[in-house]
Amino acid sequence: SRLADLRYTGYELKKGKYSLPGLPAFHGGEEWETLVIHLADSTCKASVKLYYGVLEDRDLITRAVQVVNEGSRPLRLRRCASLCLDFQRGDMDFITFNGCHAQERNLDRAPLRQGVQSVESVRGTSSHHHNPFVILCEHSANEDCGVCYGAMLVYSGSFLAAAERTQLENNRLLLGLNPYHFCWTLEPGQSFTAPEAALVCSPNGFGQMSRQFHRAIRENLIHDPCQGKRRPVLINNWEATEFDFDADKLVRIAQAAAPLGIELFVMDDGWFGVRNSDRSGLGDWSVNEKKLPGGLEALVPRIRELGMSFGIWIEPEMVSEDSDLYRAHPDWALGAPNRPFARGRNQLVLDFSRKEVRDHVYGAIKQVLGSTCISYVKWDMNRSLTDVWSAALPASRQGELFHRFVLGVYDILDRMCRDFPHILIEGCCGGGGRFDAGMLYYTPQIWCSDNPDAIDRLRIQYGTSFCYPISAMGAHVSAVPNQQTGRSVSVETRGVVAMAGTFGYEMDLNYTTQEERETIKKQVAFFKEHYDLIQRGDYYRLSDPFAAPFTAWEQVSPDRREALVSLVSHANHAAAPFRTLRLKGLDPEAQYRVNGGEVWPGDVLMTAGWPVPIPTGDYQSAQLYLRAE
Ligand code: GLA
C-alpha cells in the first residue's frame with residue numbers, strides 16, 4: 001500500500017550541528033543546537049528522523065529527514081520533502097525567483113490563493129527557470145517592514161517548492177526533492193536522507209532576512225579556501241576568444257591585465273582534447289598541445305611570471321559524442337535503450353550515478369590539477385538532464401537516477417575540495433542555471449549569468465541578493481557593445497555593477513583605450529582597498545530596479561563606521577524630478593565624511609537622504625564612500 005502513519009516515539013536534543021552523509025549542509029560548532037524527532041510506522045516498519053538545526057544568532061532553522069527501513073521487506077519511497085510548514089494565517093504572499101538563460105532570478109510576488117501554487121525544476125539541476133529559494137510574507141511586507149519567511153533548499157537537482165492556502169484558510173509551504181520521476185527502493189536496514197532545507201524568519205522585512213541568509217551562507221555553509229583572505233580579482237578569456245586561442249594569445253590577455261592589478265588569469269573552455277567548437281572534445285581532459293605546446297607546464301609559468309595565479313575551466317559531467325571517452329564508453333552517457341536521445345549544446349550527460357564513471361573523470365581531472373600550480377577551477381555544466389536512464393540500474397530503480405546523479409556530483413566536488421584544499425572552485429551552469437545553496441557549499445562563488453550586460457545584471461543581481469551574498473555572485477566587466485544586448489555602457493558603470501559581485505573582467509584589455517585602462521586600474525585598487533566592506537559588509541537594497549529609474553544598493557561595515565553606496569541610473573528621460581536616496585543601516589548619531597569631502601549626519605542621510613545626481617545620459621553611475629569621523 002501507499003499508506004504511512006508516522007507516530008511520535010521520542011526525541012533527542014544535543015549541542016552542535018548534525019551532518020548529512022553525502023549531502024551538503026550547514027555546519028558549525030557549539031553555536032548550533034540539534035533537535036531530532038523520532039517517528040515510526042509500526043505496520044510498514046519505517047522509522048523517520050526529523051533533524052532540526054537551530055542557529056539562534058541568525059534566526060536560522062535547518063531541517064532534514066532520514067527514513068530507515070526497519071522491516072524485512074523492501075520499502076519504496078515515492079516522495080520525501082525536506083520541509084513542510086503550516087502558518088497559522090491565510091493571508092500571505094508567495095515570492096519566487098524565475099527566469100531563463102541570461103535572465104535568471106527575476107522576482108515574482110502574488111498573494112496565495114486556494115489550491116497549490118508551485119515552482120519546480122525537473123531538469124536535474126536547480127535550473128535557470130526557478131530557484132530553490134522562496135519567501136512567504138504578509139501582504140504589507142517590504143524591504144524594511146513586515147514579517148517574512150525565506151526558505152531555501154540546500155540542493156542542486158530537481159526540486160519542488162509548493163505553497164497553498166488551505167481549506168481552513170491557513171498557509172502551507174512545502175520544499176524538497178521533486179517527486180517527478182522519483183522512486184527510491186530501501187532494502188531492509190537501508191536508509192535514505194533527504195537534502196537539507198533552511199528557513200529564516202525576519203519580523204523586519206526582506207532586507208533583514210537577506211542579511212541573515214548572507215551571513216549564515218558565508219560563515220556556516222560555504223567551505224571557503226580563502227576564508228579570511230581576499231578572493232582574487234580575475235580575468236577570464238571566454239568572451240574575448242571563445243575557442244579560438246593559443247598560448248600566445250592567452251599570455252597577451254594576461255599581460256594587459258597584470259599591470260592593472262588583476263591577480264588571476266582563468267583559461268576557459270577549449271584547452272583540452274579536440275575542442276575547437278562545442279561539438280567535440282568534452283570528456284577528454286588532457287591538454288591540446290596544438291593550442292598549448294608544452295602543455296600547462298609551459299603555459300602556467302608564463303602567467304605566473306606576470307605575478308598572476310592561474311585558473312582553469314572544466315565541465316566534468318558532460319561528454320561529446322565526438323570524443324575518445326564516448327567512443328570507448330558509449331554506455332557511460334545517460335540514455336534509454338532503443339530511443340534516440342536529446343542533445344543539449346551538442347553534448348550528452350555522463351552517468352554520474354556510476355562510480356566507475358566518476359572515478360575515471362575525476363582521475364583525469366585530478367591529474368591536470370596536480371600537474372602544475374592551479375589555484376582556481378571554473379566547474380561548468382551546460383545542459384539539463386534528459387533521457388534519464390542509467391545502463392547500470394535495473395528498470396525498477398531508474399526513479400533513483402535524478403538524485404543519484406546529484407549525489408555523484410557532490411561526491412566529486414567533495415573529493416576535489418579534499419584533494420586540493422587551496423583551490424577556489426567557481427560554479428557555473430550555462431551562467432546561473434545551478435545557483436543554489438547545495439553548490440555553494442563546495443563552490444564559494446557561482447557565475448551569476450551568461451548575461452554580463454551591466455544594466456540587465458542590475459535585475460539579475462537584485463533577485464539573487466534576496467538569498468545569496470555578494471561574495472557568491474560571479475560578476476565580470478565585459479566588452480561593449482555587449483554581445484547579447486548590443487548596449488554600450490561606460491567602463492565606470494560596468495565596474496560598479498561587477499563590484500556588486502565577486503569582481504573580475506572578461507575581455508581582452510588590449511582593445512581598450514589608455515583612459516579606460518586607467519579607470520580599470522583605479523577600480524581594481526578601489527575594490528581591493530574596500531574588499532571587506534564590499535564582500536563582507538551588511539547588504540542593503542535601496543531601490544527596486546523593476547520600479548525605480550535607478551538601482552541603488554549599499555554595504556555597511558558591521559560596526560557601522562563605513563559604508564559604500566552604489567547607484568546606477570537606467571535610461572535617462574527629460575524633466576527628471578529631483579530625487580533623494582535614503583540610506584540604511586548607518587549609525588544615526590555618527591557624522592559621515594562622504595567621498596573624503598563633506599560631512600553628513602547619519603540620521604540626515606537615512607531620513608532626508610542623499611540628493612541623487614541628475615544624470616546627463618543613460619546608464620550613469622555613482623559611488624559614495626562614507627566614513628564615520
Ligand atoms: C558556459 C559558461 C560560459 C563559458 C562557456 C564555455 O556557457 O556559462 O561562461 O564558460 O560555457 O563553453
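The values are calculated or read from the model by the stated rules, or taken from the named source; none is laboratory data. This is a predicted model, so every value here is computed, not measured. Counting neighbours? That spans all protein chains shown, and the Cβs are built from the backbone with ideal geometry, glycine included. With ligands, DNA and RNA removed, areas are computed over all heavy atoms of the protein, side chains included. Shrake-Rupley method; radii C 1.70, N 1.55, O 1.52, S 1.80 Å.
Accessible area per residue for the chain in Å², computed with a 1.4 Å probe and the full protein assembly in place, what is it?
Details: 24510 Å² over 629 residues.
The answer is 39 Å² per residue.
Can you compute the label reach from ALA525? Point 7 Å from Cα along the Cβ direction, backbone N cut-off under 19 Å, restricted to the range 251-287.
Flagged as within label range: 256-264.
May I ask you to compute the full-extension gain from MET606 to CYS145, defined as 0.36 nm times their residue separation minus their alpha-carbon distance, rounded to one decimal in nm? Working shown, then result.
On the way: separation 461, 0.36 × 461 = 165.96 nm, distance 1.54 nm.
Stretched fully, the MET606-CYS145 segment lengthens by 164.4 nm.
From the gyration tensor of the Cα coordinates in the range 228-359, what semi-axes in whole Å does the equivalent ellipsoid have, largest first, with each one equal to sqrt(5λ)? Mind dumping the intermediate values first?
Numbers: eigenvalues 212, 47, 33 Å².
Computed over the range 228-359, the values are 33, 15, 13 Å.
Dipole of the range 1-157, Cα-centred, from +1 at each Lys and Arg C-beta and -1 at each Asp and Glu C-beta, to the nearest 20 debye?
The calculated dipole for the range 1-157 is roughly 1000 debye.
Could you let me know the centre-to-centre spacing of the range 458-529 and the range 151-222, using Cα atoms, in angstrom?
So the separation of the two Cα centres works out to 32 Å.
LEU13: accessible area at probe 1.4 Å, nearest 10 Å²?
110
Leaving ligands, DNA and RNA out of it, rank GLU219, GLU529 by accessible area with a 1.4 Å probe, largest first. Don't skip to the end; give the middle numbers.
On the way: GLU219 100, GLU529 135 Å².
Order by accessible area, largest first: GLU529, GLU219.
At 37 °C and 0.692 mPa s, grab the translational diffusion coefficient of the range 401-540 from Stokes-Einstein with a Kirkwood Rh over Cα pairs, rounded to a whole number in µm² per second. Before the final figure, lay out the partial values.
On the way: Rh = 16.2 Å.
D, rounded to a whole number, is 202 µm²/s.
Ordering LYS528, LYS522, LYS584 from largest to smallest accessible area (1.4 angstrom probe), what's the sequence? Could the numbers behind the result be given before it?
Working: LYS528 60, LYS522 145, LYS584 35 Å².
Largest accessible area first, the list is LYS522, LYS528, LYS584.
Which length gain, in nm to one decimal place, applies between ALA298 and ASP532 when the Cα-Cα distance is subtracted from 0.36 nm times their residue separation?
Values: separation 234, 0.36 × 234 = 84.24 nm, distance 3.53 nm.
Result for the pair: 80.7 nm of gain on full extension.
For SER19 and GLN367, what is the calculated FRET efficiency with R₀ set at 25 Å and r taken between the beta-carbons, to the nearest 0.05? All intermediate terms of the calculation are to be shown ahead of the outcome.
Numbers: r = 30 Å, r/R0 = 1.20.
The pair SER19/GLN367 has a calculated efficiency of 0.25.
Quickly work out the ASP419-to-ASP359 label distance, labels modelled 7 Å from Cα along the C-beta direction, and quote it in nm with one decimal.
1.3
Identify all lysines with a Cα-Cα distance to LYS17 below 25 Å; exclude those on the same chain that are fewer than 8 residues away in sequence.
LYS49
If I model a spin label as a point 7 Å beyond the Cα along the Cα-Cβ vector, how far apart are those points for ASP387 and ASN346 in nm?
According to this spin-label approximation, the distance is 1.7 nm.
Going by the alpha-carbon gyration tensor, a ≥ b ≥ c the square roots of its eigenvalues, is the range 106-174 rounded (a/c under 1.5) or, if a/c is not under 1.5, prolate (a/b greater than b/c) versus oblate?
On the way: a/c = 2.27, a/b = 1.42, b/c = 1.60.
It is oblate, given that a/c is not under 1.5 and a/b is not larger than b/c.
What percentage of the solvent-accessible surface of the range 410-513, computed with a 1.4 Å probe over protein heavy atoms, is contributed by carbon and sulfur atoms?
Values: 1110 of 2330 Å².
Ligands and nucleic acids excluded, carbon and sulfur reach 48 percent.
Compute the normalised compactness of the chain: alpha-carbon radius of gyration over 2.2 N^0.38 Å, N being the residue count. Intermediate values should be presented prior to the final figure.
Working: Rg = 24.9 Å, N = 629, 2.2 N^0.38 = 25.5 Å.
The value comes to 0.98.
How many angstrom lie between the C-alpha centres of the range 392-431 and the range 551-576?
Cα centroid of the range 392-431 versus Cα centroid of the range 551-576: 39 Å apart.
Reachable lysines from LYS521, Cα under 29 Å, same-chain residues fewer than 8 places away excluded?
Correct list for LYS521: LYS229, LYS249, LYS378.
Could you report the accessible area of TYR619 in Å², rounded to 10, computed with a 1.4 Å probe on the protein chains as they sit in the structure?
Here the accessible area works out near 40 Å².
Could you size up the charge dipole of the chain around its Cα centre, putting +1 on the beta carbon of Lys and Arg and -1 on that of Asp and Glu, and report it in debye to the nearest 20?
980
Give, in nm to one decimal, the length gained when the segment between ARG561 and ASP411 is fully stretched (0.36 nm per residue of separation minus the Cα-Cα distance). Please list the in-between numbers first.
Working: separation 150, 0.36 × 150 = 54.00 nm, distance 4.28 nm.
Result: 49.7 nm gained on full extension.
At GLU31 and GLU289, where each label point lies 7 Å from the Cα along Cα→Cβ, what is the point-to-point distance in nanometres?
5.1
Would you work out what percent of the accessible area of the range 286-400, with all protein chains in place, is carbon or sulfur (probe 1.4 Å)? Mind showing how you got there, number by number?
On the way: 2410 of 4770 Å².
The nonpolar share, carbon plus sulfur, comes to 50 percent.
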